[in-house]
Amino acid sequence: MSSSHAKDFSFWGGRIPPEIESMSKNLKDVDQELFRKLMKAVVSSLEGKDCVSLMKSIAESTTIPQDRLGHIVAGMHRVLSEAIRIPPSSLKQEAFKENLRELRIPEDFISDFSSVVFGNRRSALETATSTNDPHLPALQDFKWRVDVAISTSSLSRALRSSVLMQMKLSDGSFHCFEVPLSKFQELRYNTALILKEMNDLEKRSILQIQD
Amino acid sequence: MTSIIKETQSIKEAVTFINAIDVNKFSRLISRIIQKLHLKGERTFSEDEEQKLQTALSLDKQALDLVLETTAFILEQAVYHNVKPVALQQQLEAVHLNPDKAEMFSQTWAATGPELVEKLKNNIFAPKKLEYVGWQLNLQMAQSSQARLKSPSAVLQLGLRKEDSEVQENVFADFNHQELLEFYNKLEVVQGQLDSLT
């Protein structure tokens with residue numbers, strides 16, 4: 001048992017997830033080319049793309065049985081999703097590699113994993129996986145118009161300004177509504193207030209909550 | 001200034017009837033009418049009330065209808081042209097309304113007129129109107145795909161109401177810091193436009 005302090009923290013949490021364990025047992029006879037093809041397919045699927053045909057062609061190109069490939073792919077998927085969950089400030093590359101070494105995964109494969117988790121494709125992966133998380137709709141499109149009502153059927157000289165807003169949210173819903181001036185001021189004031197609170201929160205939280 | 005009440009045949013008729021009504025009774029009538037003037041499509045008096053009015057004012061149904069419509073019309077014209085109370089009084093006397101009734105119109109207009117104009121200015125023409133702004137600031141600590149976040153997120157609640165409905169529709173939108181800042185900058189541009197109008 002190594003006394004390295006990396007033992008105190010594995011990026012996958014407490015117990016070794018079964019997928020990762022079974023992957024490490026199934027990597028015999030897998031050459032780097034096959035490994036990299038499988039990795040590519042897994043990354044593709046994490047980014048949300050469909051990779052059924054890609055997997056089929058990989059399965060056809062090798063003698064390794066499909067169920068073994070299945071174990072490897074499942075393990076890769078778990079390793080990558082767990083590693084990407086943790087911000088790079090908390091999980092350093094060396095620690096990540098140490099954890100994988102403990103599973104006796106070949107060094108070349110460890111470098112491949114590492115280049116995905118700590119490489120320049122990481123932020124695209126983070127964005128892609130976070131879209132599946134529950135969240136309220138975000139404002140996708142915001143258009144507005146300032147109107148001045150000069151005259152109406154009840155008033156020949158109304159001269160009343162108002163704001164017309166059109167919001168499209170990320171869940172596809174579409175809202176078009178008028179904002180009376182007083183409500184506009186309220187909206188503007190409250191938005192500024194939230195921004196100020198966010199700033200205060202960000203200043204404080206960095207000091208208080210340690211990783 | 002142009003007269004806002006032209007002396008048509010029906011105005012002449014209405015004036016005759018109005019002049020015959022007792023001053024106190026007319027005062028209550030006109031107050032009620034001006035209060036309900038901004039409401040579209042609502043009857044000022046219920047069927048029952050109209051029956052009672054017919055008896056109280058000794059007018060048949062047609063005559064009562066004419067009186068109510070004409071009184072409302074006079075007030076609507078006053079609002080539309082935003083006349084001064086004095087001018088209103090003069091114009092009414094010009095169509096041979098008795099001075100006591102003309103003065104009553106003028107006083108009611110002076111007292112309740114401005115409020116009525118404000119209400120009408122605020123009558124909406126848009127499909128929905130923003131009535132309520134609420135918000136919540138959250139500090140998101142983690143989600144399924146990301147641990148140790150500490151990212152502030154704001155939820156904005158906008159209460160929208162359709163014109164003829166009592167029901168408020170709530171719209172919820174999530175903003176992170178950057179998104180909220182962009183939204184705020186757009187609101188500032190709108191404010192700039194509003195400022196340039198005054």
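The values are calculated or read from the model by the stated rules, or taken from the named source; none is laboratory data. What you are looking at is a predicted structure, and each value in this text was computed from that prediction instead of being measured. Cβ atoms come from the backbone with ideal geometry, glycine included; neighbour counts cover every protein chain shown. Surface accessibility is based on the protein's heavy atoms, side chains included, excluding ligands, DNA and RNA. Shrake-Rupley method; radii C 1.70, N 1.55, O 1.52, S 1.80 Å.
Among the residues that make up segment A:101-123, is at least one of them within 11 Å of the chain's Cα centre (by Cα) and touching a residue at least 24 places away in the same chain (Cβ under 8 Å)?
yes
Could you list, ordered by first residue, the pairs with Cβ atoms under 6 Å in which the first is in segment B:155-175 and touching a residue at least 24 places away in the same chain (Cβ under 8 Å) and the second is surrounded by 14 or more Cβ atoms within 10 Å (Cβ to Cβ) and acidic (Asp, Glu), at least 6 apart or interchain?
Close Cβ pairs satisfying both conditions: B:Gly159/B:Glu131; B:Leu160/B:Glu169; B:Arg161/B:Glu131.
Which residue out of B:Leu149, B:Leu130 is touching a strand residue (DSSP E or B) at 6+ places or on another chain (Cβ under 9 Å), over 20 Å from A:Ser153 (Cα atoms) and more than 7 Å from chain A (Cβ to nearest Cβ)?
Values: B:Leu130 fails: more than 7 Å from chain A (Cβ to nearest Cβ).
The unique qualifying residue is B:Leu149.
Are there any pairs, at least 6 apart or on different chains, whose C-beta atoms fall under 7 Å, with the first in segment A:14-25 and not assigned by the TED database to the domain that holds A:Phe113 and the second open to solvent by 30 Å² or more (accessible area, probe 1.4 Å) and of a type in the set (S, T, N, Q), and if so, which?
That search, which allows pairs on different chains as well, returns nothing.
If you go through segment B:155-168 one residue at a time, do you hit one that is facing chain A (nearest Cβ under 8 Å) and surrounded by fewer than 17 Cβ atoms within 10 Å (Cβ to Cβ)?
Yes, there is a match, as at least one residue in segment B:155-168 is facing chain A (nearest Cβ under 8 Å) and surrounded by fewer than 17 Cβ atoms within 10 Å (Cβ to Cβ).
Does B:Ala78 qualify as being within 30 Å of B:Glu163 (Cα to Cα), open to solvent by less than 30 Å² (accessible area, probe 1.4 Å), of a type in the set (Gly, Ala, Ser) and touching a helix residue (DSSP H, G or I) at 6+ places or on another chain (Cβ under 6 Å)?
Criteria met by B:Ala78.
In segment A:116-130, how many are surrounded by 15 or more Cβ atoms within 10 Å (Cβ to Cβ), part of a helix (DSSP H, G or I) and not β-branched (Val, Ile, Thr)?
The total comes to 5.
Return yes or no: is B:Gln136 at pLDDT 90 or above and closer than 22 Å to B:Ile11 by Cβ? Give the steps one after another, and end with the answer.
Numbers: at pLDDT 90 or above: yes; closer than 22 Å to B:Ile11 by Cβ: no.
Here the answer is no, as B:Gln136 does not meet what is asked.
Quick check on my filter: what residues within segment A:62-94 are surrounded by fewer than 18 Cβ atoms within 10 Å (Cβ to Cβ) and more than 15 Å from A:Asn26 (Cβ to Cβ)?
Scanning segment A:62-94 gives A:Ser81, A:Pro87, A:Pro88, A:Ser89, A:Ser90, A:Lys92, A:Gln93, A:Glu94.
Only one of (1) under 12 Å from the mean Cα position of the chain (by Cα); (2) modelled with pLDDT under 80; (3) open to solvent by 30 Å² or more (accessible area, probe 1.4 Å) fails for B:Ile124. Which number is that?
(3)
Kindly provide the set of residues from segment A:131-159 that are out of contact with any strand residue (DSSP E or B) (no Cβ under 6 Å at 6 or more places or on another chain) and open to solvent by 50 Å² or more (accessible area, probe 1.4 Å), ordered by number. Before you say what the answer is, go through the steps one by one.
Initial filter on segment A:131-159 (out of contact with any strand residue (DSSP E or B) (no Cβ under 6 Å at 6 or more places or on another chain)): A:131-132, A:134, A:150-157, A:159.
Of everything in segment A:131-159, those that are out of contact with any strand residue (DSSP E or B) (no Cβ under 6 Å at 6 or more places or on another chain) and open to solvent by 50 Å² or more (accessible area, probe 1.4 Å) turn out to be A:Thr131, A:Asn132, A:Pro134, A:Ile150, A:Ser151, A:Ser153, A:Arg157, A:Leu159.
Please work out if A:His135 is free of Cβ contacts under 8 Å to residues at least 40 places away in the same chain, under 30 Å from A:Gly75 (Cβ atoms) and within 8 Å of chain B (Cβ to nearest Cβ).
Details: free of Cβ contacts under 8 Å to residues at least 40 places away in the same chain: yes; under 30 Å from A:Gly75 (Cβ atoms): yes; within 8 Å of chain B (Cβ to nearest Cβ): yes.
In short, yes.
Does any residue of segment B:103-113 turn out to be among the acidic types (Asp, Glu), under 22 Å from A:Ser154 (Cβ atoms) and open to solvent by 50 Å² or more (accessible area, probe 1.4 Å)? Reasoning before the result, please.
Residues of segment B:103-113 that are among the acidic types (Asp, Glu), as a first pass: B:103.
Of the ones still in play, those that are also under 22 Å from A:Ser154 (Cβ atoms) are none.
No, because not a single residue in segment B:103-113 is among the acidic types (Asp, Glu), under 22 Å from A:Ser154 (Cβ atoms) and open to solvent by 50 Å² or more (accessible area, probe 1.4 Å).
Kindly indicate the residue of segment A:174-189 that is open to solvent by less than 20 Å² (accessible area, probe 1.4 Å) and assigned to a helix (DSSP H, G or I) and also nearest to the other protein chains (Cβ to nearest Cβ) among those meeting that condition.
Among them, the one singled out is A:Leu187.
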